[in-house]
1. For segment 67-82, indicate whether the set of residues that are over 23 Å from Tyr141 (Cα atoms) and open to solvent by 80 Å² or more (accessible area, probe 1.4 Å) is non-empty.
2. In contact (Cβ under 8 Å) with a residue 60 or more places away in the chain and surrounded by fewer than 19 Cβ atoms within 10 Å (Cβ to Cβ): is that true of Pro109 in this structure?
3. Restricting attention to segment 35-50, does a residue exist that is touching a strand residue (DSSP E or B) at 6+ places or on another chain (Cβ under 8 Å), crowded, with 21+ Cβ neighbours inside 10 Å, closer than 27 Å to Asp111 by Cα and among the β-branched types (Val, Ile, Thr)?
4. When you scan segment 71-94, do you find a residue that is at positive phi and within 13 Å of the chain's Cα centre (by Cα), even just one?
5. Does His11 satisfy the criteria of being in contact with a helix residue (DSSP H, G or I) (Cβ under 9 Å, 6 or more places away or on another chain) and closer than 30 Å to Val88 by Cβ?
6. When you go through (1) in contact (Cβ under 8 Å) with a residue 40 or more places away in the chain; (2) over 20 Å from Asp58 (Cβ atoms); (3) open to solvent by less than 60 Å² (accessible area, probe 1.4 Å) one by one for Arg166, which number turns out not to apply?
7. Take the residues in segment 126-162 that are among the aliphatic types (A, V, I, L, M) and within 13 Å of Val101 (Cβ to Cβ); name whichever of them is most open to solvent (accessible area, probe 1.4 Å).
8. Can you name every one of the helices (runs of 4 or more DSSP H) wholly within segment 126-170 that holds 2 or more residues which are of a type in the set (Lys, Arg)?
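The values are calculated or read from the model by the stated rules, or taken from the named source; none is laboratory data. All figures in this text were calculated on a predicted structure; none of them were measured in a lab. Glycine also receives a Cβ, built like all others from the backbone with ideal geometry; neighbour counts cover every protein chain displayed. The area values use the complete protein model at the heavy-atom level, side chains included, leaving out ligands, DNA and RNA. Shrake-Rupley method; radii C 1.70, N 1.55, O 1.52, S 1.80 Å.
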Amino acid sequence: MVVYSGPRAGHTGNHARRLFQDALTKLAPLADEFDVTLAVEPMHPGCSAQWTFLTSLDDALGLLKTVAHPRVQMVLDTYHLGQDGGPVDRIAGIVPHIALVQLGDSRRPPDGEQNRCRLGEGVVPLREIISALKAGGYDGYYDVELLGEEIEAADYTLLLEHARRRLRNS
């Protein structure tokens, strides 16, 4: 289950983080009981304001370390964390904390709206990220996340075929 912290809502950063951490700590045993993983998703600061105050890999990893429960992990969204080369050199160390990889690409960093493009047509080094995940032992799920103005106008079936071809070649 993908979990967003929500915005700070007037709280200081530390207080908002503490509230979210306390909630995850209380939910983790229940998630364990029902065999559900809670996957926290950090987002690029350019489009995170309404969704989360976790805007970096380090924010998410710090939270996971504090909660310290195997049912609380993270989402690695390449659109949000893959800009400017992304976490390629850190992937081996974070694989044990990844519940889901969301594959997304863009022509430029997020700025307000999430405007993604078809996989492999943007600046996110998807091939390198996927190779690093495989080399690091990631064998979990991948989710192709396509949204934004360019994507909305495209034929859905063609988008899926394109994504499938790109992933086979990665």
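1. no
2. On the way: in contact (Cβ under 8 Å) with a residue 60 or more places away in the chain: yes; surrounded by fewer than 19 Cβ atoms within 10 Å (Cβ to Cβ): yes.
When the stated conditions are applied, Pro109 passes them.
3. yes
4. Yes, segment 71-94 has at least one match.
5. Working: in contact with a helix residue (DSSP H, G or I) (Cβ under 9 Å, 6 or more places away or on another chain): yes; closer than 30 Å to Val88 by Cβ: no.
Against the criterion (in contact with a helix residue (DSSP H, G or I) (Cβ under 9 Å, 6 or more places away or on another chain) and closer than 30 Å to Val88 by Cβ), His11 does not qualify.
6. (3)
7. Looking at the filtered set, the residue picked out is Val144.
8. 126-135, 156-168
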